[in-house]
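The values are calculated or read from the model by the stated rules, or taken from the named source; none is laboratory data. In this text the structure is predicted, and so the values were computed from the model without any measurement. In this analysis, Cβ positions are derived from the backbone assuming ideal geometry, glycine residues included, and neighbour counts consider all displayed protein chains.
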Amino acid sequence: MFDFTFFFNSILIGIGLAMDAFSVSLANGLNEPDMSRRKALGASAIFGGFQGAMPLIGWFLVHNLATIFEGFKPFIPWIALGLLGYIGGKMLFEGIKEYKCRAEGGSDEECTFPKKLGLSALLVQGIATSIDALSVGFTISEYNAIQAVVCALLIALITFGICFAGIYLGKKFGTALAGKSAIFGGSILIFIGLEIFITSFFK
């Protein structure tokens, strides 16, 4: 049931699925370079949880509600684009506003706008970066229930580790970029939304 091929494939799927979440985590670190370790762990857990849950939900739908799932698939890229576009656009707007304020000689107090991402924003990001992973349900459709759960757990753990590294990498560069970090972060989120949307037409 659990051979080398199973674990190897699950790890590869996990790494592949984690790339969008890694990029978003990088953007979050850029946007919030003073993010605490506790919040970084929590954010990584959110991404890992969603990334692991979506293939499992997809597996369930393939086995029980395949027709409904097929009808829902075309909307996945639009949902991802809308969610990431909204969060990224908000981040980009605040970053540009701060940059202009500093360029006009404003003080730190005058030019510091609230940039910290709340739980709701992180949940939106988690859904947006993982919703296309529902399609992995087809990839693992031949697995039994136990194999599907183990695969989902591996995907969640891999995503957690990759996202945690992404946040800290973003924090490092975010500190160096100072006022421009939110602009970069917001741009990355919008780019990821567009990438998910555009590549969906070539699948």
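Computed values, structure above
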read-out	value
Residue tally, condition in contact (Cβ under 8 Å) with a residue 40 or more places away in the chain and out of contact with any helix residue (DSSP H, G or I) (no Cβ under 6 Å at 6 or more places or on another chain), over the range 139-152	7
Filter pass, I96 being over 18 Å from the mean Cα position of the chain (by Cα) and modelled with pLDDT under 90	yes
Residue match in the range 17-36 (condition: of a type in the set (D, E) and crowded, with 20+ Cβ neighbours inside 10 Å)	yes
Per-region count, the range 105-122, residues within 30 Å of F197 (Cβ to Cβ) and either crowded, with 16+ Cβ neighbours inside 10 Å or at pLDDT below 80 (or both)	7
Residue within the range 54-69 that is at pLDDT 90 or above, within 13 Å of the chain's Cα centre (by Cα) and either of a type outside the set (S, T, Y) or more than 17 Å from V150 (Cα to Cα) (or both) present	yes
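Rundown of residues vs (1) touching an Asp or Glu at 6+ places or on another chain (Cβ under 6 Å); (2) over 17 Å from L41 (Cβ atoms); (3) of a type in the set (D, E), yes/no style:
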site: D132; (1), (2), (3): no, yes, yes
site: V136; (1), (2), (3): no, yes, no
site: S141; (1), (2), (3): no, yes, no
site: A145; (1), (2), (3): no, yes, no
site: L153; (1), (2), (3): no, yes, no
site: A156; (1), (2), (3): no, no, no
site: T159; (1), (2), (3): no, no, no
site: I162; (1), (2), (3): no, no, no
site: I167; (1), (2), (3): no, no, no
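Let's see how each residue does on (1) within 17 Å of the chain's Cα centre (by Cα); (2) in a loop (DSSP other than H, G, I, E, B):
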{"residue": "V124", "(1), (2)": "yes, no"}
{"residue": "T129", "(1), (2)": "yes, no"}
{"residue": "L134", "(1), (2)": "yes, no"}
{"residue": "G137", "(1), (2)": "no, no"}
{"residue": "S141", "(1), (2)": "no, yes"}
{"residue": "V150", "(1), (2)": "no, no"}
{"residue": "I155", "(1), (2)": "yes, no"}
{"residue": "F160", "(1), (2)": "yes, no"}
